[in-house]
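J.: After the structure tokens below, expect a handful of questions from me.
Each reported figure results from applying straightforward, stated rules to the coordinates on display, with no laboratory input. Everything quoted here is computed from the prediction, not taken from an experiment. Ideal geometry is used to build each Cβ from the backbone, glycine not excepted, and the neighbour counts take in all protein chains shown.
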């Protein structure tokens, strides 16, 4: 058992973060790099990843590999894994953070294309990445898989049913993984509530104010609010935390 500083130290670790160029993913990437981790930052737009990598490297001195990856594309997931291992030789932490929740007029207007796209990004991509990286973690020195879901997967609203369904699948994946490669590989679930991300920007200002007012904390979450939690789950401080489902919603769903 080390000191608290030693337990949270990620020096020598490599973390892959999807959706890592902005929002929650970017904040968590900065936090893990500040704790000593080298990073693979992936999102659909390479220039955004390159900019994030440049800024994080300058601020922390860590190595950051920017990669373009559409996690809804199976082949892109395979390429991401190969590129990460080619560069660093290992992955110690996988954070499946990329997500999407398109708006729709009413449930009957949801097209098959939209439905499939939502499930591909929120569930199928994390499945593929977890399968490929988790197996290599188990064959090596172990690791930590952190899946970023949503509190809405436990209590869906009428406005995001396909998204909530896909994230519920991610929840099930996480619990399955927690028993698959343990004790070498841990898998845990982070369930954010309303957060100030690109998804929330589509709500409109009135809806954002209402979400803040109904929350016990009187605000919606900021990306920085998940940094400490993800750092904890990635680190040796969480060596006994496996299969946990952690609400990060300011207490809104405290009666669940």
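J.: Taking Cα atoms, how many degrees apart are the long axis of helix 205-214 and the longest axis of the chain, rounded to 10 and kept between 0 and 90?
T.: Approximately 80 degrees, to the nearest ten.
J.: How far, in nm, would the chain grow between residue 237 and residue 182 when pulled straight, counting 0.36 nm per residue and subtracting the alpha carbon separation?
T.: Full extension of this stretch gives 18.2 nm more.
J.: Working out 0.36 nm times the residue gap between residue 82 and residue 157, then minus their Cα-Cα distance, what length gain in nm do you get to one decimal?
T.: Gain in length upon complete extension: 23.2 nm.
J.: Can you give the relative contact order of the chain as a percent, counting alpha carbon pairs under 8 Å and 6+ residues apart?
T.: 20 percent
J.: Another one. Find the all-direction average of the projected area of the Cα convex hull for segment 4-247, expressing the result in square nanometres with one decimal place.
T.: Spelled out: convex hull of the Cα atoms, projected over all directions, averaged, 12.9 nm².
J.: Which FRET efficiency, nearest 0.05, do residue 222 and residue 115 yield, Cβ-Cβ r, R0 41 Å?
T.: 0.85
J.: Can you compute the modelled spin-label distance between residue 75 and residue 205, with each label point 7 Å from Cα toward Cβ, in nm?
T.: Computed distance between label sites residue 75 and residue 205 equals 4.5 nm.
J.: Determine the calculated [θ] at 222 nm for the chain from helices alone, applying -39500 (n - 2.57) to every DSSP H run no shorter than 4 residues and normalising by the residue count; nearest 500 deg cm²/dmol.
T.: -13000 deg cm²/dmol
J.: Still on this structure, I have one more. Please give the FRET efficiency for residue 107 paired with residue 5, using the beta carbon to beta carbon distance and R0 = 45 Å, rounded to the nearest 0.05.
T.: Efficiency, from the Cβ-Cβ distance: 0.35.
J.: Based on alpha-carbon centroids, what's the gap between segment 200-255 and segment 114-132 in Å, whole number please?
T.: Answer, in whole Å: 22.
J.: Continuing with the same structure: How do 60, 3 line up, fewest other C-beta atoms within 10 Å first?
T.: Fewest-to-most ranking of 60, 3: 3, 60.
J.: If I fit a long axis through the Cα atoms of helix 74-88 and take the longest principal axis of the Cα atoms of the chain, what angle between them do I get, 0 to 90°, rounded to 10?
T.: Roughly 30 degrees between the two axes.
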